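Worksheet for the structure shown next.
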Amino acid sequence: MIFLHIKVYCIIENVKMRKYVQKGISLALVMTMSTWCLSGCGTTNTQSKKTEKKQTEASDTIKQSDLQTLLSSKIGDTANTEKKETVFVEMDPSGEVTKTTVSDTLKVSDKDSISDVSNLDNITNLSGDEKYTTDENGNIVWENKGKDITYQGTTTESTPIKVNVKYYLYDEEISPDDFAGKSGKVKIVFDYVNESSSEGIFIPFITLTGMVLDDNFTNVKVDNGKVVEYDGSNIVIGYGAPGFKDNIISTVSKAEDYLKDIDIPESFTVEADVKDFSLNMSLTMATSEIADLDLDKSLDFSDIEDKMDELKDGTNQLVKGAGDLVSGASKLNSGADKIDKGAKDIAKYTSDLYLGTTTLLTSYKKFDCALVSGVKSANKGAKKLYKGTKSVKSASNKLNSGAQTLNSGAKKVNSGAQELAKGLSSAKAGFEDVKDSKGNVKSQGLKNGSKALATGTKTAEAGVKQLVGTLQSTPSSIQTQIDGVVKKVSAATGGAIASEKALNATIEKINGAIAQGADMTTVLTGAGLNATAYYQLLEAYYGIKTLEQVKSTFETQITSQASSIKALVDGMGDLTDGASALNTGINTLYTGISKLNTGAGTLAAGTKSLYDGTSTLASGTNQLKSGAKTLNSGMKSLNQGTDKMNSKLGDASSQVKDGIATVNSGAGQISDGAKTLANGTGSLSSGVVTLFNGTKTLKDGVVKLNDEGISKITEIFGDDTKDAVNSIEDILNNGKEYKSFSGIKSDMSGNVKFIFKTAEIKSDK
């Protein structure tokens, strides 16, 4: 339960840490191993309590048993396995193997016999007098009399885990034999080596070492471990995961980047001041059953990766569309300037035309008294008018060119606006749920995903609070187990042994007699017991002692870790608040993108209208260009006619009068239209400048949104995260598949743990 909650906590924290999701997977794995091995490990300083220096061999045996029990409680056992194996490796003080003994327990089956595979020598039944035979396949077959079979044997096979021990005095290495009786600054290094990959498959092992320090050790410091007070003694505990980091780096893509700042220990070091150096034996336990993980289900990145890809593509389109919009607006601005200048020229020259024709008409009314003068003036005005129409023709050409440029720019603006609307729509979709044809949610978007995350943190917080309650109630639960064991002993002995005190007295009396050399069978008979009953009482005796020790440890740890437990509860509260804040931020971002999406739609519609209007304007200016050309041709004819009129006074006077009146009326209309056009193009030019400046601001904002927002969000999710998780899970599962050291049938479940014992170093002083 502790492992599960810590694993969930690490995953949630890493999702909050933005682009450190991949590294968070490695960190969560390391924390899982560290927490599973030893709660609260770190460098610890302690002053060893005074203990009695001289100990009897019997008390050493009890201390060894207690140490083994402590380490076993940290390592744990897997229940309901068909074959449980313990490999006992005896070593000299430096770690050289002197003897390897394997103990196997086979669970009772419904069959009349139990078949097993073993490569051990000197096999002996420890649980009874059952014999084994060997079948034609080389399997050993045990008789089954309704109880488990426990046997042991020896082997010379090398274990997959090695424990090397080195000793230093004032930082100079010294052999264990020369170390006895020395005084000074001491360093002891336990180096773990994983050689399982020599057979082609790497098996991950967790190692846990314990050693009891006497009062000749002071100022003790430990890395990758701690010093704990246990049953009145000071015990150093260290841990490691040998070869784990290197194997992940060699098999998982980019793992070196993920793990370069992560420390996965392969050794631990004890430093202390010592007087008259001597050292009790040490015990190292190793197991490959790290955890039952399914990281692929715990870390499902598929939906969020798809949404992030869509969001990233949408923002890229958004940036491109904004750039196209700026480019089109720039061209539109240039064309509008040309239109505005041409319109002002047209207004000026058509005004001159109207004034000339008005003068001509007035002069002609005075024809009777000043015909010659009027004709000359008309001729002069016609010449000016002809010159003016040339300017009108030139201006109309410029106006038409500007209108065509305006139309082309408006087309690009409209295209950019459409891309902008499409990109924002994709970005908005990334925040929304994906539904099937029936309206069912296929995958969550960022909006509801962040909401689910906030809900999940609340659930995790409740689970932590429940966990704390469970821990606090554990001592009373352990006491209940002790009472249950005493009750079973009382029932089994017919009430002869009805208390823990009576049980202790019986076992200690028997063990004392045996230790003094008495025959075990004789002693048991005198006590009214057989071997089976004795082993059952012995099991109950050590079981109660173990439970008492665990209870004491729990009570001590709960008291000492009260502040840490409170910090964990408070931290989960902060995590819940953080997840809620993240959900609020995602909703705010979604609201902003939704508004921007709506605005982009409006902009797209507006630019479409602009494009349609400029198309009409381009068509009109083309007609104006054609009309100006025709006007220029007519003014040329008028100029020629006034020349003839000047030479032939009086010819066709009435026709001249009617023509002048018509030209004057038309010139007035053109002049008024040109003034309106000039005013309109001035407003158009001002509006286009505003549009151009606005599109530049929009582009800058979109680029900033992409660079500082969307791109950083998408950086959180890499392409290799899922593959890395699967590879790590495969490595961990290799440990679950390692069932036995001495051999096991393919259809049998099993587990194995290794116990390495280093010999003590005695001082003669």
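The values are calculated or read from the model by the stated rules, or taken from the named source; none is laboratory data. Quantities reported herein were computed from a predicted structural model and do not represent experimental measurements. Cβ coordinates were reconstructed from backbone atoms using ideal geometry, including for glycine residues, and neighbour counts include every protein chain displayed.
Tabulated results
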item: Selected residue [surrounded by fewer than 18 Cβ atoms within 10 Å (Cβ to Cβ) and either under 15 Å from Phe277 (Cβ atoms) or of a type in the set (A, V, I, L, M, F, W, C) (or both)] from Asp191, Asp177; result: Asp177
item: Odd one out for Tyr611, checked against (1) surrounded by 19 or more Cβ atoms within 10 Å (Cβ to Cβ); (2) under 43 Å from the mean Cα position of the chain (by Cα); (3) farther than 30 Å from Thr470 by Cα; result: (2)
item: Scan of segment 88-131 for residues that are among the aliphatic types (A, V, I, L, M) and more than 11 Å from Lys757 (Cβ to Cβ), ordered by number; result: Val102, Leu106, Val108, Ile114, Val117, Leu120, Ile123, Leu126
item: Exclusive hit being without any contact (Cβ under 8 Å) to a residue 40 or more places away in the chain and at positive phi, set Gly528, Gly592; result: Gly528
item: Residue within segment 531-541 that is assigned to a helix (DSSP H, G or I), modelled with pLDDT of 75 or more and closer than 19 Å to Ser477 by Cα present; result: yes
item: Any hit, segment 444-463, residues being assigned to a strand (DSSP E or B), of a type outside the set (Val, Ile, Thr) and touching a helix residue (DSSP H, G or I) at 6+ places or on another chain (Cβ under 6 Å); result: no
item: Counted residues, segment 114-142 - those being in a strand (DSSP E or B) and either surrounded by 12 or more Cβ atoms within 10 Å (Cβ to Cβ) or in contact (Cβ under 8 Å) with a residue 24 or more places away in the chain (or both); result: 12
